[in-house]
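Below you'll find the structure, written out as structure tokens, and then a few comments.
The values are calculated or read from the model by the stated rules, or taken from the named source; none is laboratory data. Remember, it's a predicted structure, so these values are computed and weren't measured experimentally. FYI the Cβ positions are ideal-geometry reconstructions off the backbone, even for glycines, and counts take in every protein chain you see.
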Amino acid sequence: MTIENKKGWISWFNPFKYGTDRWMYSLHRLTGIALGLYLIAHVWETSNILNGPITWNKIMVDLDYPFGQHFGPLILSLILIAAAYHALNGIRLTIVENGLMLPRPYRPEYPYKAKSTRGLNDVLKIVLGILMIITAAIGIIYIYTGVIV
Amino acid sequence: MQEVALKGFGEVVKTVTLRIRRYDPESGEPPKYVEYKVPVQMGMTVLDGILYVKEHLDHTVSARYSCRMGICGSCGMIINGRERLACQTQILELGKDLVKIDPMGNYGTVKDLVPDLTKLFRNHESVKPYVIRDEEEPKGEYLQTPEQRESYAMFTDCIMCGLCLSACPTNATDELYLGPQALAQAFRYISDNRDLGLNERLNVLDSKHGVWRCHFSGACSDVCPKGVDPALGIQLLRQLLTSNVFVKFEQKGAPKGPDRKSVTGVS
Ligand code: SF4
Ligand code: FES
């Protein structure tokens, strides 16, 4: 009898032994799930305003400092990095998944390095990576110092 | 000259352990790993290693192979965590003393390293991998320039080894997903200037488990042993479908077929 040998969802998070695109795919999934969970928590958090200003203020303080005063800003910074990555990589995917900035059919030559995951696609990754660092840096500076760069 | 090239050939360089996933359908026991010590010579491939085990250590180890030269596409397996052809992977090149060999994932396992490729062939068939024409009987040859032929030639190199489906993370959770192999072949025919079958293939491609399901993780193109770059085929197929969306596919039999020029650069 033939048995199942499905890799399952766990393989979404196994980028090892493949290329950069697979790493970015895994990160995209991970940040997507994190942002989804954050969104639910965020809606729940802000819905507490319905219970009056006293509850609201208490929730704000509790959430900011549940494990010491560094926890709130840290989580917020991580979410910010995740959001910047997810948004910018989403733009890259929108471009390349519509066949733009990809090579046209070519003649494969040994050792058969695929061109679709390299070339202009790599340039896009670098540009968006730089944008991501800038975006995240601006946000994190604001979170920690309140200064808008 | 020849002596230099052959120097060291045939000598045992070191002993490597092959850790093979065994599954015996008759015993009904879950798969388990069994280790075999194999003396490795220069140039010895993983397939040679498996055959050594079969000859000298355990006759019951099963694997599928035929050509031993990367042409038939029978010997796909997961070697040290990556999809590879066993006959194209030299043991010494892996640089490890332990080589872990698993059957391809996302397919059923028939026995040991033998995957059940029914899904691969079913998906391939479903995209109608042949030139579709309007007329009942051909009246002459269908002409093609060298450039037109070159514009899809790379996708004809597919040997149907199925490694790409095993590496694909979408296939890992969506059993019905067409997969990189079938989608790249769909593009190969749709972008062929002799073909008029876009409409006939559309209901399969433009479906929940079709071309839009790809997330471009590029793993298929990373592992493809023939450089087919199926991920490129899928993205270009999407471009072809979206750029033709205003050109009403219902004009069936329109002699020119879809606008290929914007996608392949050749009309
Ligand atoms: S596209 Fe490449 S990896 Fe996929 S079946 Fe064809 S030859 Fe194998
Ligand atoms: S045995 Fe034919 S491809 Fe490996």
B:Ser66, sole failed condition from (1) over 30 Å from B:Lys226 (Cβ atoms); (2) in a loop (DSSP other than H, G, I, E, B): (1)
In region B:169-197, the residues that are over 11 Å from the mean Cα position of the chain (by Cα), within 12 Å of chain A (Cβ to nearest Cβ) and not aromatic (Phe, Trp, Tyr): B:Pro169, B:Thr170, B:Asn171, B:Ala172, B:Thr173, B:Asp174, B:Glu175, B:Arg188, B:Ser191, B:Asp192
Flag for A:Tyr25 being within 14 Å of the chain's Cα centre (by Cα), more than 8 Å from chain B (Cβ to nearest Cβ) and crowded, with 17+ Cβ neighbours inside 10 Å: no
Failed condition for B:Val127, given (1) more than 16 Å from ligand 2 (Cβ to nearest atom); (2) surrounded by fewer than 21 Cβ atoms within 10 Å (Cβ to Cβ); (3) among the aliphatic types (A, V, I, L, M): (2)
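Being at the interface with chain A (Cβ under 9 Å from one of its Cβ atoms) and not in a loop (DSSP other than H, G, I, E, B) is the filter here, so list the residues in region B:213-229 that pass it. Walk me through how you get there before you give the answer.
Keep residues of region B:213-229 that are at the interface with chain A (Cβ under 9 Å from one of its Cβ atoms), which gives B:214-229.
Scanning region B:213-229 gives B:Ala219, B:Cys220, B:Ser221, B:Asp222, B:Val223.
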Every residue from region B:63-101 that is out of contact with any helix residue (DSSP H, G or I) (no Cβ under 6 Å at 6 or more places or on another chain), within 15 Å of ligand 2 (Cβ to nearest atom) and hydrophobic (A, V, I, L, M, F, W, C): B:Cys67, B:Met69, B:Ile71, B:Cys72, B:Ile78, B:Leu85, B:Ile101
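For region B:128-140, indicate whether the set of residues that are assigned by TED's automatic domain parsing to the domain that holds B:Pro225, assigned to a helix (DSSP H, G or I) and either under 30 Å from B:Ile190 (Cβ atoms) or not aliphatic (A, V, I, L, M) (or both) is non-empty.
Within region B:128-140, the subset assigned by TED's automatic domain parsing to the domain that holds B:Pro225 is B:128-140.
Narrowing further to those that are assigned to a helix (DSSP H, G or I): none.
No, there is no match, as no residue in region B:128-140 is assigned by TED's automatic domain parsing to the domain that holds B:Pro225, assigned to a helix (DSSP H, G or I) and either under 30 Å from B:Ile190 (Cβ atoms) or not aliphatic (A, V, I, L, M) (or both).
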Test for B:Asp112: is it surrounded by fewer than 22 Cβ atoms within 10 Å (Cβ to Cβ) and in contact (Cβ under 8 Å) with a residue 12 or more places away in the chain: no
Long-range neighbours under 6 Å by Cβ, at least six apart or interchain, first residue β-branched (Val, Ile, Thr) within region B:154-172, second within 16 Å of ligand 2 (Cβ to nearest atom): B:Ile159/B:Gly73; B:Ile159/B:Lys226
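What about A:Arg118, is it out of contact with any helix residue (DSSP H, G or I) (no Cβ under 8 Å at 6 or more places or on another chain), crowded, with 16+ Cβ neighbours inside 10 Å and modelled with pLDDT of 90 or more?
On the way: out of contact with any helix residue (DSSP H, G or I) (no Cβ under 8 Å at 6 or more places or on another chain): yes; crowded, with 16+ Cβ neighbours inside 10 Å: yes; modelled with pLDDT of 90 or more: yes.
Yes, satisfied.
Which members of region B:36-63 meet the condition of being in a strand (DSSP E or B) and either among the hydrophobic types (A, V, I, L, M, F, W, C) or within 16 Å of ligand 1 (Cβ to nearest atom) (or both)?
Filtering region B:36-63 down to residues in a strand (DSSP E or B) leaves B:36-41, B:45.
B:Val38, B:Val40 - these are the residues of region B:36-63 that are in a strand (DSSP E or B) and either among the hydrophobic types (A, V, I, L, M, F, W, C) or within 16 Å of ligand 1 (Cβ to nearest atom) (or both).
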Helices (runs of 4 or more DSSP H) lying entirely in region B:149-208 (those with 3 or more residues that are away from ligand 1 (no atom under 12 Å from the Cβ), surrounded by fewer than 21 Cβ atoms within 10 Å (Cβ to Cβ) and not aromatic (Phe, Trp, Tyr)): B:198-205
So B:Ser74, is it part of a loop (DSSP other than H, G, I, E, B) and either within 12 Å of ligand 1 (Cβ to nearest atom) or buried (at least 21 other Cβ atoms within 10 Å of the Cβ) (or both): yes
Per-region count, region B:217-233, residues small (Gly, Ala, Ser) and either within 16 Å of ligand 2 (Cβ to nearest atom) or within 14 Å of B:Ser166 (Cβ to Cβ) (or both): 4
Selection within region B:75-124 - of a type in the set (S, T, N, Q), at negative phi and touching a Leu at 6+ places or on another chain (Cβ under 9 Å): B:Gln88, B:Thr89, B:Asn123
Answer from A:Ile40, A:Ile49 - the residue that is touching a Ser or Thr at 6+ places or on another chain (Cβ under 9 Å), more than 9 Å from every other protein chain (Cβ to nearest Cβ) and surrounded by fewer than 17 Cβ atoms within 10 Å (Cβ to Cβ): A:Ile49
